[in-house]
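Values quoted throughout were computed directly from the atomic coordinates according to the rules given, and no laboratory measurement underlies them. This structure is a prediction, so every number in the text was calculated from the model and none was measured. Glycine gets a Cβ as well: all are built from the backbone with ideal geometry, and neighbour counts include every protein chain shown.
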Amino acid sequence: MKFLKHLILAVMMMPLFSSCNYNSLVEKNQQVEQSWAEVQNQYQRRSDLIPNLVATVKGYATHESETLEKVTQARAAATSVNINAEELNEETLAKFQEAQNQLTGALKSLLAVSEAYPDLKANENFRDLQVQLEGTENRIATARGRYTQTVADYNTSIKKFPTNIYAGWFGFEPQPQFKADDAAQRAPEVKF
């Protein structure tokens, strides 16, 4: 009889546990979406700085048109890959990351060009844009770090017992993580 009372009590409390777990998963999923939005916000900030940077360099480095064109094309490619949080998966995140990596490479080339033009390096607008770009790159790294943390928390939650049962019932799927670029896995070669 005592066992039956405990069983009935457990069955009656089951909806309370599922509601708490469901709400917790919804909250964690919203945090992932918010973190992703911040990543996109910072990449957009970088993208918004590029036309001014290109215009400033163009005024000094007229025969560097190939580099300027590559930056413009990479920016266009990067801004064309827009993914909302509901569309995030391994494939879409890889496309997004590849477009951003191409833009990063093009920007490095553009900033390297400035070394050949002392007047450009001394230009106040160029220096200000370079500082803003560096700050934006730091903001991107911070936003990506926060996204990675919230995804890890969310993915861990949906895999833990008994929450994994509720996650399966309500369709909570793992979210993708950023992966380091292959080039980041190798130490850079330094030559003197």
Subject >> Loop-located trypsin sites (Lys or Arg not before Pro) in the stretch 122-178, at most 13 other Cβ atoms within 10 Å (DSSP) >> reply: K160
Original post:
Each residue of the stretch 100-110 in turn: what ³J(HN,Hα) in whole Hz from Karplus with 6.51, -1.76, 1.60 and θ = phi - 60°, glycine and Pro shown as x?
Top reply: 5, 5, 5, 5, 4, x, 5, 5, 4, 4, 5
Subject >> Dipole moment magnitude, nearest 20 debye, the stretch 18-183 about Cα centre, only Lys, Arg, Asp, Glu C-beta charged >> reply: 280
**OP:** Find the centroid of the Cα atoms in the stretch 32-69 and in the stretch 106-183, then give the distance between the two in whole Å.
**Re:** 15
Original post:
Taking the simple approach of a point 7 Å from Cα along Cα-to-Cβ for both A76 and W169, what is their distance in nm?
Top reply: 5.2
**OP:** Can you tell me the FRET efficiency between D181 and S24 if r is taken as the Cβ-Cβ distance and R0 is 35 Å, rounded to the nearest 0.05?
**Re:** 0.55
Original post:
Roughly how many nanometres apart are two label points built 7 Å out from the Cα toward the Cβ at E134 and Q149?
Top reply: 2.5
Subject >> Average silhouette area of the stretch 75-192, convex hull of alpha-carbon atoms, in square nanometres >> reply: 10.1
